[in-house]
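Trainee: Here's a structure for you.
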Amino acid sequence: MEADELLVLVAGGDQKAFEMLYGLVSGPVFGLVRRVVRDPAQSEEVAQEVLLELWRSAARFDPGRGSALSWVLTLAHRRAVDRVRSARAAGEREQREARRAHHTAFDQVTEEVEAGLEREWVRRCLERLTDLQRQSVTLAYYDGYTYREVAERLSLPLGTVKTRMRDGLTRLRECLGGVA
């Protein structure tokens, strides 16, 4: 029996006809898939999927549009190309994710190092201030007090604290000019 006749019988659910058709087309299907996919294990898997699809969709075969073997090989080629595209897309996704993870780790380390260097620079610049300037700036900017609260804590007039803050911030800006 020819593949065309067998495929028509398979469309009717004839298992014996499917066994015979399987014997006729499994070699060419695997060969075609192997040339497209290249990986032997993947090729076997795709060939099995094609032959399973052949059993399920045999009723879609139209003998007026071509031979059974060309229809089956068209199914095989499409499935093999889909597998290659899917594998390529998965590989590209993994590469993008790996690059993203690598850059994130690098950026995080860089930011931590830079932040540490900046903190050290600020610490050194704060040491260059007078005691009242350093106390005023520290209370206001590190401890979160308002100028009025800083004045109360240091038992100083508000105007004096404002002057110390202005002078201290000016000196800090000049000192930190090399960082910014």
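The rows are residues; the columns are (1) of a type in the set (Val, Ile, Thr); (2) part of a helix (DSSP H, G or I).
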{"site": "Val33", "(1), (2)": "yes, yes"}
{"site": "Ala76", "(1), (2)": "no, yes"}
{"site": "Ser86", "(1), (2)": "no, yes"}
{"site": "Glu92", "(1), (2)": "no, yes"}
{"site": "Arg134", "(1), (2)": "no, yes"}
{"site": "Tyr145", "(1), (2)": "no, no"}
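Trainee: Restricting to the stretch 132-151, count the residues that are at pLDDT 90 or above, open to solvent by 100 Å² or more (accessible area, probe 1.4 Å) and either closer than 24 Å to Leu117 by Cα or touching a Phe, Trp or Tyr at 6+ places or on another chain (Cβ under 8 Å) (or both).
Mentor: Adding up the residues that qualify gives 0.
Trainee: Follow-up. Which pairs have Cβ atoms under 6 Å, sit 6 or more apart or on different chains, and link a residue in the stretch 109-120 that is farther than 12 Å from Leu176 by Cα and among the aromatic types (Phe, Trp, Tyr) to one that is open to solvent by 100 Å² or more (accessible area, probe 1.4 Å) and in a helix (DSSP H, G or I)?
Mentor: Taking only residues 6 or more apart or on different chains, not a single pair turns up.
Trainee: If you don't mind, another one. Under 8 Å by Cβ, and 6 or more places apart or on different chains, what pairs join a residue from the stretch 54-82 that is closer than 14 Å to Val29 by Cα with one that is open to solvent by 70 Å² or more (accessible area, probe 1.4 Å) and assigned to a helix (DSSP H, G or I)?
Mentor: What qualifies is Leu69/Leu24; Trp71/Arg65.
Trainee: More than 27 Å from Glu5 (Cα to Cα) and open to solvent by 90 Å² or more (accessible area, probe 1.4 Å): which single residue out of Arg78, Arg35, Arg56 fits that description?
Mentor: On the way: Arg78 fails: more than 27 Å from Glu5 (Cα to Cα); Arg56 fails: more than 27 Å from Glu5 (Cα to Cα).
Matching residue, one of Arg78, Arg35, Arg56: Arg35.
Trainee: Going through Leu176, Leu169, Leu154, Leu158 one at a time, which residue ends up being open to solvent by less than 70 Å² (accessible area, probe 1.4 Å), under 25 Å from Leu117 (Cβ atoms) and at pLDDT 90 or above? Please lay out each step first, then the result.
Mentor: Working: Leu176 fails: at pLDDT 90 or above; Leu154 fails: under 25 Å from Leu117 (Cβ atoms); Leu158 fails: under 25 Å from Leu117 (Cβ atoms).
The unique qualifying residue is Leu169.
Trainee: With Arg65, Arg38 as the choices, which residue is charged (D, E, K, R), at pLDDT below 95 and under 36 Å from the mean Cα position of the chain (by Cα)?
Mentor: Working: Arg65 fails: under 36 Å from the mean Cα position of the chain (by Cα).
Of Arg65, Arg38, the one residue that is charged (D, E, K, R), at pLDDT below 95 and under 36 Å from the mean Cα position of the chain (by Cα) is Arg38.
The values are calculated or read from the model by the stated rules, or taken from the named source; none is laboratory data. For clarity, every value in this text was computed on a predicted model and none was experimentally measured. Cβ atoms come from the backbone with ideal geometry, glycine included; neighbour counts cover every protein chain shown. Side chains are part of the model used for accessible areas, which takes the heavy atoms of the whole protein and leaves out ligands, DNA and RNA. Shrake-Rupley method; radii C 1.70, N 1.55, O 1.52, S 1.80 Å.
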